[in-house]
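Taking it in order: structure first as structure tokens, then the write-up.
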Amino acid sequence: RTAFVANVSHELRTPLTVINGFLETMSDTPSLPAEQSHHFIGLMQKEGTRMQNLLADLLTLSRLESGKSPERSPIDLSGLARTLAEDGEALSTGRHEISINVQPGVWINGVYNDLYNGLSNLVFNAVRYTPAGGKINISLKEMPSENRFMLPPVYFAVEDNGPGIAAEHLPHLTERFYRVDKGRSRQSGGTGLGLAITKHAVAEHRSALQIHSEVGKGSEFGA
Ligand code: ADP
């Protein structure tokens, strides 16, 4: 708990320092050119959004960790996978080649928002960490099942040909605030809580996050 509080304080300190610094400059310099104040306001807004995202992720994670899951309902997982691909496209703004390989008509019983949060992190990470020009594939398939009275197992995966992650980091990726590329994570608005949320969200759906990655080749995150 002590480490967690220290981490959260550290995460909040940077945006607050930026915001307070600009506010001080602006109040000390009443004649600041409009162009410059606009620029400062934009930077402050970015830091404000960062804190908002952090709080939203903290609340999501705390609820998931409490094990109290909301009521389940039937979810069109194929539709969700297509929505995730569209959201990935929107974030990429044409910088990546995103392909999708989704088996139609796959349904599961679950909690839509948790699944969306958990799986979208995988898509958004692929977009955020893969350099422009890279390839991303989003796939969903039903696995053969021996028990015909139960819903067949399904596998959702996001593959990218980005930088990949060195083996020593892999066991730590789902720890809260663990980052391999700190600069890139912050610059692209990462809270460092994404994969911790994904781990809990897929566990809530009786699955486990699988990570395969090789430096220089790319990564595959699936559940
Ligand atoms: P963040 O908010 O920092 O992205 P996450 O928990 O989502 O936090 O991810 C943890 C770390 O794992 C990231 O900081 C990044 O270094 C690494 N990572 C996640 N996905 C990828 C990926 N597809 N390619 C390369 N590195 C990744």
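What follows draws every value from the coordinates through simple rules; no lab data is involved. Nothing here was measured: the structure is a model prediction, and the numbers come from that model. With ideal geometry, Cβ positions are generated from the backbone for all residues, glycine too; neighbour counts draw on all protein chains shown.
Observations, loosely collected:
- Residue match in the range 144-156 (condition: under 16 Å from the mean Cα position of the chain (by Cα) and in contact (Cβ under 8 Å) with a residue 24 or more places away in the chain): yes
- Counted residues, the range 178-195 - those being assigned to a helix (DSSP H, G or I) and either farther than 15 Å from residue 57 by Cα or near the ligand (Cβ under 6 Å from one of its atoms) (or both): 7
- The selection criterion, being in a loop (DSSP other than H, G, I, E, B), among the charged types (D, E, K, R) and either under 24 Å from residue 53 (Cα atoms) or touching a residue at least 40 places away in the same chain (Cβ under 8 Å) (or both), does not hold for residue 206.
- Within the range 141-161, the set of residues being touching a strand residue (DSSP E or B) at 6+ places or on another chain (Cβ under 7 Å) and away from the ligand (no atom under 14 Å from the Cβ) comprises 141, 142, 143, 151, 152, 154, 155, 156.
- Candidates 50, 1 - the one that is among the basic types (Lys, Arg) and out of contact with any helix residue (DSSP H, G or I) (no Cβ under 8 Å at 6 or more places or on another chain): 1
- Only residues that are within 12 Å of the ligand (Cβ to nearest atom), within 17 Å of residue 94 (Cβ to Cβ) and aliphatic (A, V, I, L, M) were counted across the range 114-137, and they come to 4.
- Filter pass, residue 168 being in a loop (DSSP other than H, G, I, E, B) and surrounded by fewer than 18 Cβ atoms within 10 Å (Cβ to Cβ): no
- So residue 100, is it closer than 22 Å to residue 195 by Cα, more than 16 Å from the ligand (Cβ to nearest atom) and more than 19 Å from the chain's Cα centre (by Cα): no
- Single match in 88, 105, 42, 94 (criterion: within 18 Å of residue 124 (Cβ to Cβ) and surrounded by fewer than 12 Cβ atoms within 10 Å (Cβ to Cβ)): 94
- Candidates are the residues of the range 95-150 that are part of a strand (DSSP E or B) and polar (S, T, N, Q); the one that is nearest to residue 216 (Cα to Cα) is 137.
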